[in-house]
Amino acid sequence: MKSSFQVFTRRVRSDWHFQYRALRMAVDWVIAIYFVIPLMIVAGYQYYSWWATQPSWFSWISMFMITAVFYVFTWLGTIRYFVEEGDQLFLRQNQKWFRHLMLLGYRYSLVLQGITTLILMLVFLPLLVQTYSYSVLQVICLWLLTYLLKINLGLLRQLLALRVYGIVLWLLRIVIFGGLFFLYQVLVTEVSHNTSYSWAAILLFLVLVVFLSRIRLQEKGAFFADIARERDSRMRIVSLMLIRVIERKRKPTRKYPLLFGKSQRLFKGKGAGNGIADLLTKSFFRNGTQWKQTIQFVVVIGGAMFILPGALKITIWILAACLLVFWRKSFCKDELTAPFLTLFPIKDTMKHQALQSAIPILVLPALVLISLCMGISFFTWWGPVLMVGAAFPLAYGTSSVFTSWY
């Protein structure tokens, strides 16, 4: 017969395996090799360079902005207890086992929240040390403040949700969010000047953690709320992937498409390859979802160009071009699996030719806009002209390389 500890470890392993499979659905090996891994290498090198030389843009980031990021982080995540629906039939009958399972889940959450808070501190550590001259003691103090506030907020929000409902709950959350934000700002300011007040606050937060934890673990009538919270936590990655999958009413279709309404030919020449390239190009530019996602991508990458240092801009520019090519290639290959195309005896060589013709055209609009933002960020008259001109060979070059295989 299994013990409560074995039940807990099995559920933790199952949760991690489920999250891994969800990530595998979003990030396949191609994206990992050609985008995620290079991006991690670039980020690691850039992080190392921040320690070697302080970038000029560090001075643009105020302590208020850092504190705001840390405070929003304290509202993310939750305290988990790893309870499931089936526990109502079996495990809840053994109160000792059930309480031990909840206690193990609570301790697991404390460790996990501490690790995530530490990772956040490590990301901002060069800025805190180089610009604001934080000592080791001050860094530890800030980490403890953020970590203990995060735990207290997680417990407090759970207790409020069990006792207050509706609009009153939302109003209380708004008041708590605003009030504690100013308190946290004051405490972080004291870390920079006089850590004695901050250590007193840390001691108070620790006492509150113990007090709220005892109340929460002994709370009655929280079983179904814990089940719903556990289900939401388990589905956190999948829900991000399915955020756009919502049921909508069908819009009336246009009699003629907005773009290429006269069905004019886009590629000169005859043959199945040019015809399929026409089909892929028109299908992409008539797809509203692709337009929306492309605009979002351009806004994020274009905005980053105004923040990143010069050498990193070039790297991100090239990586953005590679990602756009993979994105367009994936879209085109999905379109080529349409049922009506299977009615025609189209060879793979013709499909490959169509990809090589269409993908540079699909990449160019987004890459030109990103290049324009990059050129403007140099604050020179020749920057936009040079970068927009360079976008064309980059688009055709990356497309040629990454469409060399079907």
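The values are calculated or read from the model by the stated rules, or taken from the named source; none is laboratory data. Quick caveat, the model's predicted, so the values are computed rather than measured. Positions of Cβ are generated from backbone atoms using ideal geometry, with glycine treated the same way; all protein chains shown enter the neighbour counts. Calculation scope for accessible area: heavy atoms of the full protein, side chains included, ligands and nucleic acids excluded. Shrake-Rupley method; radii C 1.70, N 1.55, O 1.52, S 1.80 Å.
Results, tabulated for the structure shown:
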read-out: Residue in segment 126-148 that is over 28 Å from Leu183 (Cα atoms), without any contact (Cβ under 8 Å) to a residue 40 or more places away in the chain and out of contact with any Pro (no Cβ under 7 Å at 6 or more places or on another chain) present; value: no
read-out: Members of segment 161-171 that are in a helix (DSSP H, G or I) and either under 28 Å from the mean Cα position of the chain (by Cα) or without any contact (Cβ under 8 Å) to a residue 12 or more places away in the chain (or both); value: Ala161, Arg163, Gly166, Ile167, Val168, Leu169, Trp170, Leu171
read-out: Residue list for segment 213-230, filter: out of contact with any helix residue (DSSP H, G or I) (no Cβ under 9 Å at 6 or more places or on another chain), within 15 Å of Leu159 (Cβ to Cβ) and part of a helix (DSSP H, G or I); value: Arg214
read-out: Selection status of Ile33, open to solvent by 60 Å² or more (accessible area, probe 1.4 Å), at pLDDT below 80, part of a helix (DSSP H, G or I) and β-branched (Val, Ile, Thr); value: yes
read-out: Answer from Leu386, Leu369 - the residue that is open to solvent by 10 Å² or more (accessible area, probe 1.4 Å) and over 31 Å from the mean Cα position of the chain (by Cα); value: Leu386
read-out: Flag if Asp28 is among the charged types (D, E, K, R), under 30 Å from Trp97 (Cα atoms) and either modelled with pLDDT under 85 or in contact with a Lys or Arg (Cβ under 8 Å, 6 or more places away or on another chain) (or both); value: no
read-out: Filter result (among the hydroxyl-bearing types (Ser, Thr, Tyr) and touching a residue at least 24 places away in the same chain (Cβ under 8 Å)) within segment 357-405; value: Ser357, Ser371, Ser377, Tyr396, Thr398, Ser399, Ser400, Thr403
read-out: Sole exception among (1) assigned to a helix (DSSP H, G or I); (2) hydrophobic (A, V, I, L, M, F, W, C); (3) farther than 16 Å from Asn152 by Cα for Phe70, by number; value: (3)
read-out: Breaking point among (1) open to solvent by 20 Å² or more (accessible area, probe 1.4 Å); (2) closer than 19 Å to Ser371 by Cβ; (3) touching a helix residue (DSSP H, G or I) at 6+ places or on another chain (Cβ under 7 Å); (4) not basic (Lys, Arg), for Val299; value: (3)
read-out: Odd one out for Ile176, checked against (1) open to solvent by 50 Å² or more (accessible area, probe 1.4 Å); (2) free of Cβ contacts under 8 Å to residues at least 24 places away in the same chain; (3) out of contact with any Ser or Thr (no Cβ under 8 Å at 6 or more places or on another chain); value: (1)
read-out: Residue in segment 346-364 that is assigned to a loop (DSSP other than H, G, I, E, B), modelled with pLDDT under 90 and farther than 27 Å from Ile301 by Cβ present; value: yes
